[in-house]
Amino acid sequence: MSEAPKTTMTAPPSTAYKIVDVPELYRDVIARHGVPGSFVGPSEQESPWIPFGERAALRHLAFDVRRNRFSNVLWIKQAGVVGTHKHRGTVVMICLEGSARYLEYDWVAGPGDFIYETPGLVHTLVSDHPQGVKLFGWLEGPIEFFDEQGHFVESLDVWWYINHYETYCREHDIPINKQLYL
Ligand SMILES: [Fe+2]
């Protein structure tokens, strides 16, 4: 058996409770062209729960128009189905509350469980939990939705998600939160 590689770092090297100034060759370039990170707190002003059909809602967290990526929490409020869809990009999800599964697979995701979806997958999301499910996700578009006969209905990409957010904010006098736009 080969020996494990020697690594210097086995734990974060600083535990000092202070801001540490670190070298950065490109400080000026980053100041000019870098993109700041973002933060979205818990209030409805920062990002409201927006209905997605009768029994589900989306709380938008980020829109990345360069890469057709978006982040949100999908809340299915009671046992129910979110229709059949096909992925053209990759999706990463963590179950926050309740439970969810796909009719096509044999697993059930509960709180803390990790879900990874890849281009080409077609599946039907359901929650059998009486309180439904909350799923945090980082998604890449487009996501194609189909009706129960398998007919294509619409392709959802970052523009659909931005429009979903902005339309609701306009109608409810909620200011557009710049933090959501990466
Ligand atoms: Fe999916």
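The values are calculated or read from the model by the stated rules, or taken from the named source; none is laboratory data. Since the model is a prediction, treat every value here as computed from it, not as a measurement. Reconstructed Cβ throughout: ideal geometry from the backbone, glycine too, with neighbour counts over all protein chains shown. Note: areas computed on protein heavy atoms with side chains; ligands, DNA, RNA excluded. Shrake-Rupley method; radii C 1.70, N 1.55, O 1.52, S 1.80 Å.
Regarding segment 104-116, can at least one residue be identified that is away from the ligand (no atom under 15 Å from the Cβ) and in a strand (DSSP E or B)?
no
Can you tell me which residue within segment 117-134, out of those that are more than 10 Å from the ligand (Cβ to nearest atom) and either small (Gly, Ala, Ser) or part of a strand (DSSP E or B) (or both), is surrounded by the fewest Cβ atoms within 10 Å (Cβ to Cβ)?
This residue is 120.
Find the residue count for segment 143-166, including only residues that are closer than 18 Å to residue 74 by Cβ, open to solvent by less than 50 Å² (accessible area, probe 1.4 Å) and not aromatic (Phe, Trp, Tyr).
Counting residues in segment 143-166 that are closer than 18 Å to residue 74 by Cβ, open to solvent by less than 50 Å² (accessible area, probe 1.4 Å) and not aromatic (Phe, Trp, Tyr) gives 8.
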